[in-house]
1. If you go through the range 126-138 one residue at a time, do you hit one that is modelled with pLDDT under 95, among the small types (Gly, Ala, Ser) and over 16 Å from residue 236 (Cα atoms)?
2. Identify, from the list 158, 223, 171, the residue that is of a type outside the set (A, V, I, L, M, F, W, C) and surrounded by 15 or more Cβ atoms within 10 Å (Cβ to Cβ).
3. Scanning the range 145-155 for residues that are assigned to a strand (DSSP E or B) and surrounded by 22 or more Cβ atoms within 10 Å (Cβ to Cβ), which turns out farthest from the chain's Cα centre (by Cα)?
4. Quick one: residue 196 ticks every box in (1) in contact (Cβ under 8 Å) with a residue 24 or more places away in the chain; (2) out of contact with any helix residue (DSSP H, G or I) (no Cβ under 6 Å at 6 or more places or on another chain); (3) closer than 27 Å to residue 226 by Cα; (4) among the small types (Gly, Ala, Ser) except a single one, so which number is it?
Amino acid sequence: MVTLRRWWDRKGLQIGLLALVLGSAWILRQTQGTLLLEVYQAITKPLQMLQAGPTPEERVKDARFLELQTRIADLESQNKKLQNLLGYVEQQPLSSRPVIAQVVGRSADHWWQQVTLNRGSNAGIQEGFIVKADGGLIGLVESVTPNTSRILLISDLKSQVGVTISRTSAKGVLRGDSSPDGVLEFYEKVPNVKVGDLVSTSTYSQKFPAGLAVGRIKSLDLKKLPASVAKVELFPQIGSLEWVAVYPKPTNQEPQKSN
């Protein structure tokens, strides 16, 4: 009995392991590996879910959330710009307050030439009305329908605005350059101007009232023939217009010498 117990103590573990191996082999043979595959899948499924990333439903929810975030950010930006414009309008005398309009049309082929507004003759807008935005003058009402207006921008190549240098009263004509800058041709051969001088509409213009902010001298070419010229950085962000103010055209201006 003692001898059998000693033998079992020495061989029992080996016999148990052998029985486990033989039993596992028999089960695998009988189930053709199905049980082992199920155990493997149960162990690895959580890892596969982590590696697979979000489900299609989760991706749709994420996309909708990002869409809403984008729309909210856009509305907040438009609201801020509109509030700034309305704050400026409220400072004007009640009798001369402008019509507030939104830019609703703009062609990629004519980005710097014209825009379309969502207000027209039904709101009292007429051809020749002045259009301003944050920063100053942006253009002139070129044509109207009952509910829309087409604006000729001062950045258009055919646009001409009579302007003056605020510091020295030197005068010239600002022409569009299909860009955020304009080209100013001076009447004088050697005008008294320097980089950084402010530019506004002049008293000679019949299309625009005097004193409207236009921009700042960016560079000078005083050797240009037949007249000195300057590059003018336009104050209004014409490339990204959204809201504008439309004013009646000026009256009782001095005889026209420039546009």
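The values are calculated or read from the model by the stated rules, or taken from the named source; none is laboratory data. All values derive from a computational prediction rather than experimental measurement. Counting neighbours? That spans all protein chains shown, and the Cβs are built from the backbone with ideal geometry, glycine included.
1. Scanning the range 126-138 turns up at least one residue that is modelled with pLDDT under 95, among the small types (Gly, Ala, Ser) and over 16 Å from residue 236 (Cα atoms).
2. 171
3. 149
4. Unmet for residue 196, out of (1) in contact (Cβ under 8 Å) with a residue 24 or more places away in the chain; (2) out of contact with any helix residue (DSSP H, G or I) (no Cβ under 6 Å at 6 or more places or on another chain); (3) closer than 27 Å to residue 226 by Cα; (4) among the small types (Gly, Ala, Ser): (1).
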